[in-house]
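Working notes for the structure below.
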Amino acid sequence: MSIVTLTTDLGLSDHFVASIKGQLISQNPKLQIIDITHEVEPFSLAQTAYYLNNVFRDFPEGTIHYIGVDSIPRINIGNEQNNRYPTIMELGGHYFIGCDNGVFSLLNNYQQASKIIRIDDFSAKFALRHPTRYIYIPAILALSKGKSIDELGEPVSAVTRAIVPQPTLEKDLVKGSVMHIDHYGNVIVNITEKLFNEIGKKNPFTIYFKRSQYFIETISKNYHDVPTGEKLAHFNENGFLEIAINKGVRGNGGGADSLLGLKVNDIIRIEFHPKGSKDSIDSLFPT
């Protein structure tokens, strides 16, 4: 049985997701279709990659992942540089199908892709007008029925690179940005535990937010290290810095996003205080 996952920005209030599933199951009733999410912010490649990177390795090798975000191809023979082709990437035993709009370059270790195939069959009358129905779904079905990836297009050596915010480093300072806010209002920052340890060298630190009256000076192991309603910072299971409120959700005091006034792309600043520095000494003798 083949597994197909769906990650899209289609939402669930319309018929589009059901249509995709209906087309797939009608032609291969043995498919197991799993929704990763259909609530990606419209056209957000960074958020798409965040969801996929967090879960795709939880699926068995051979899983086919459809990326339905900003998926309309752009093909102009006279202007090859700006073209966006339907593409299949084989990475770590998984298959990713979508538009080469930059999202493939945001997948973890994408440089280690076994194969990258540019789908070249646009023979269907409305292929470029309705690519999900006439390009992506046929490719998914072909793979699910055992067809080789090499039979679905021509190999290419690289994918389009996407530019997303990265942490900036200064002496004893890391500036990151909010890359995701989850259902609970927890704020995920693009600073990894590895980077935090490399720059911090176990020195004291202060995490500052947009609202200057709020700051955090410890890393918690889990949410219950602090009382209910109190703010905390910890590194989540995927290794990213997370700012949270213990049991803080809408209707129960609010999440970290609302209480700390944070939204996607806001700056989070971590200042380290090496032993012997003025900041470190001042912290011992507060005024």
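Simple spin-label model, 7 Å along Cα-to-Cβ: H130 to V164 in nm?
My value for the distance between the label points is 3.2 nm.
Setting aside same-chain residues fewer than 8 positions from K210, which aspartates and glutamates have a Cα under 17 Å from its Cα?
Output for K210: E242, D257, D266, E271.
Counting residues in the range 199-260 as N, plug N into 2.2 N^0.38 Å and put the Cα Rg over that result.
Cα-based Rg divided by the globular estimate yields 1.13.
Compute the longest continuous run of the chain that contains no exposed GluC sites (Glu not before Pro); treat a site as exposed when its DSSP state is not H, G, I, E or B and it has at most 12 other Cβ atoms within 10 Å.
No qualifying site falls inside 62-216, the longest such stretch.
Of all DSSP beta bridges in the range 3-155, what percent run antiparallel (nearest 5)?
Looking only at bridges with both residues in the range 3-155, the antiparallel portion is about 50 percent.
In the Gaussian network model of the chain, springs joining C-alpha atoms below 10 Å, which of D150, D120, D58 carries the largest mean-square fluctuation?
D58
Would you work out which of Q47, G146, P204 lies farthest towards the positive end of the dipole of the chain? Charges go on Cβ: Lys and Arg +1, Asp and Glu -1.
Of the options given, the answer is Q47.
Dipole magnitude of the chain about its Cα centre, charges +1 at Lys/Arg Cβ and -1 at Asp/Glu Cβ only, in debye to the nearest 20?
120
For the range 168-284, what is the Kirkwood estimate of the hydrodynamic radius, computed as the reciprocal of the mean inverse distance between distinct Cα atoms, to one decimal in Å?
That comes to 14.4 Å for the range 168-284.
Take the alpha carbon gyration tensor of the range 3-155, find the square roots of its eigenvalues, order them as a ≥ b ≥ c, and report rounded if a/c is under 1.5; if not, report prolate when a/b exceeds b/c, else oblate.
Cα axes put the range 3-155 in the rounded bin.
Report the Stokes-Einstein translational diffusion coefficient (µm² s⁻¹, integer) for the range 77-146, Rh taken as the Kirkwood radius over Cα pairs, at 20 °C with viscosity 1.002 mPa s.
165
Of P131, H38, Y95, which is farthest along the charge dipole of the range 25-153 in the positive direction, counting Lys and Arg as +1 and Asp and Glu as -1 at C-beta?
P131
Rounded to the nearest 20 debye, what is the charge dipole size of the range 168-284 about its Cα centre when +1 sits on each Lys and Arg Cβ and -1 on each Asp and Glu Cβ?
Numbers: 15 positive and 15 negative charges, 25 e Å.
So the magnitude is around 120 debye.
Quick one: give the max-minus-min coordinate of the C-alpha atoms of the range 143-202 along each principal axis, largest first, in Å.
52, 32, 21
I'm a student and want to see the number: the projected area of the Cα convex hull of the chain, averaged over all directions, in nm².
For the chain, the mean projected area of the Cα convex hull comes to 18.3 nm².
Applying 1/(1 + (r/R0)^6) with R0 = 51 Å to the Cβ-Cβ distance of N203 and S123, what FRET efficiency is obtained, to the nearest 0.05?
Between N203 and S123 the formula returns 0.25.
FYI, it's all coordinate maths here, none of it is from the lab. Bear in mind that the values here come from a model prediction, so they are computed numbers and not experimental data. We place every Cβ from the backbone using ideal geometry, glycine too, and count neighbours over all the protein chains shown.
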